[in-house]
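Read the structure below first, then the notes.
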Amino acid sequence: MIFQIQSIIYGFFNSFGVMKRIIIINGPNLNLLGKREPEIYGERSFDDFFIDLKKVFSEIDLSYFQSNIEGEIIDKLHEVGFQYDGIILNAAAYTHTSVGIGDAVKAISSPVVEVHMSNTLSREDYRHHSFIAPNAKGVIAGFGLQSYALAVRSLISE
Ligand code: DQA
């Protein structure tokens with residue numbers, strides 16, 4: 001019910017072009033940013049970065065979801081994928097393995113930007129394939145946490 005009311009309110013504002021809704025969806029192990037392999041992913045937690053990102057893009061309704069569970073990521077894509085103005089998806093390891101997440105990206109209508117903090121093409125061969133990229137609007141990889149900021153810019157500069 002609350003979700004429906006929110007949708008109606010946002011839909012009203014969106015129809016006047018007031019506020020874009022963009023969500024960042026992070027996949028497995030990204031809840032450990034700041035602690036996990038800092039030489040690759042840096043020393044900052046995503047929660048800390050997200051506070052600043054929201055300030056930089058205060059004109060948009062920016063939200064964030066993280067899950068280590070493939071089905072939860074698919075459910076979230078279904079939930080937001082016909083309403084939001086953009087989805088920034090770092091499916092992490094599932095990028096390279098999940099036909100299900102790839103199919104979900106294909107099924108929805110919101111534009112999806114695939115994001116990676118590391119340059120996956122300069123890493124192991126198994127990170128070179130993406131099940132998401134063929135149906136993504138674009139791919140941004142290799143700029144650390146700034147990959148997310150670049151993805152937001154790419155979605156709002158349309
Ligand atoms: C990652 C790259 C993936 O290959 C890896 O499995 C991750 C993070 C990145 O943001 O660089 O967990 O998506």
Among the residues of segment 58-108, write down those that are away from the ligand (no atom under 16 Å from the Cβ), surrounded by fewer than 18 Cβ atoms within 10 Å (Cβ to Cβ) and of a type in the set (Val, Ile, Thr).
Ile60, Val99
What are the residues in segment 77-108 that are among the aliphatic types (A, V, I, L, M), touching a helix residue (DSSP H, G or I) at 6+ places or on another chain (Cβ under 8 Å) and in a helix (DSSP H, G or I), if any?
Leu77, Ala92, Ile101, Ala104, Val105, Ala107
Could you give every pair whose Cβ atoms fall below 8 Å, whose first residue belongs to segment 50-63 and is of a type in the set (D, E, K, R), and whose second residue is at pLDDT below 95, counting only separations of at least 6 or pairs across chains?
Glu59/Met19; Asp61/Tyr10; Asp61/Met19
Limited to segment 109-126, what total is found for residues that are closer than 16 Å to Tyr94 by Cβ and part of a helix (DSSP H, G or I)?
2
Could you run through segment 59-76 and say how many residues are closer than 16 Å to Leu30 by Cβ and part of a strand (DSSP E or B)?
4
Could you run through segment 26-45 and say how many residues are in contact (Cβ under 8 Å) with a residue 40 or more places away in the chain and away from the ligand (no atom under 12 Å from the Cβ)?
1
Going through segment 110-132 one residue at a time, which ones are more than 9 Å from the ligand (Cβ to nearest atom), surrounded by fewer than 16 Cβ atoms within 10 Å (Cβ to Cβ) and of a type outside the set (D, E, K, R)?
Leu121, Ser122, His128, His129
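The values are calculated or read from the model by the stated rules, or taken from the named source; none is laboratory data. These numbers come from a predicted model, not from an experiment. When we count neighbours, we look across all protein chains shown, and the Cβ atoms used for this are built from the backbone with ideal geometry, even at glycine.
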